[in-house]
1. Per-residue ellipticity at 222 nm for the chain, helices alone: DSSP H runs ≥ 4 residues times -39500 (n - 2.57), over residue total, nearest 500 deg cm²/dmol?
2. In whole percent, what relative contact order does the chain give with Cα contacts below 8 Å and a gap of six or more residues?
3. Return the FRET efficiency for the residue pair K3, K55: r is the Cβ-Cβ distance, R0 is 22 Å, and the value is rounded to the nearest 0.05.
4. Amide H neighbours of F28 under 5 Å, at least 5 residues apart or on other chains, H built in the peptide plane: list them.
5. Mind checking the dipole of the chain: about its Cα centre, +1 per Lys or Arg Cβ, -1 per Asp or Glu Cβ, Debye to the nearest 20?
Amino acid sequence: MSKELSPNSEKKFKSYCKLKNRPYIKEFTKHELGNSLGRKEINLVCVTDKNLSNKLLSLIHEGGTQTKN
């Protein structure tokens, strides 16, 4: 999720992640998320493919970013 995500949306998403025991990351701006996917801005990205998710988390951890549950 982006650092600029609204408090209400952040609360809902964190609750969902906690309920489903899914990690989340709040380290990037909406411009950084958007740029990585060829868009101008994106506030929230969900990855549903387990293998892709594991690889992205691995790469992100290598860069020093921590996930939260």
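1. So the calculated ellipticity at 222 nm is -15000 deg cm²/dmol.
2. On the way: 69 pairs, mean separation 25.8, N = 69.
Computed over the chain, the figure is 37 percent.
3. Working: r = 23 Å, r/R0 = 1.05.
E(calc), rounded to 0.05, equals 0.40.
4. So F28 has HN proximity to K3.
5. Working: 14 positive and 7 negative charges, 71 e Å.
Using only the charged Cβ atoms, the result is roughly 340 debye.
Read-outs: derived from the displayed coordinates by stated rules, not from any lab. Because the structure is a prediction, the values reported are computed rather than measured. Glycine also receives a Cβ, built like all others from the backbone with ideal geometry; neighbour counts cover every protein chain displayed.
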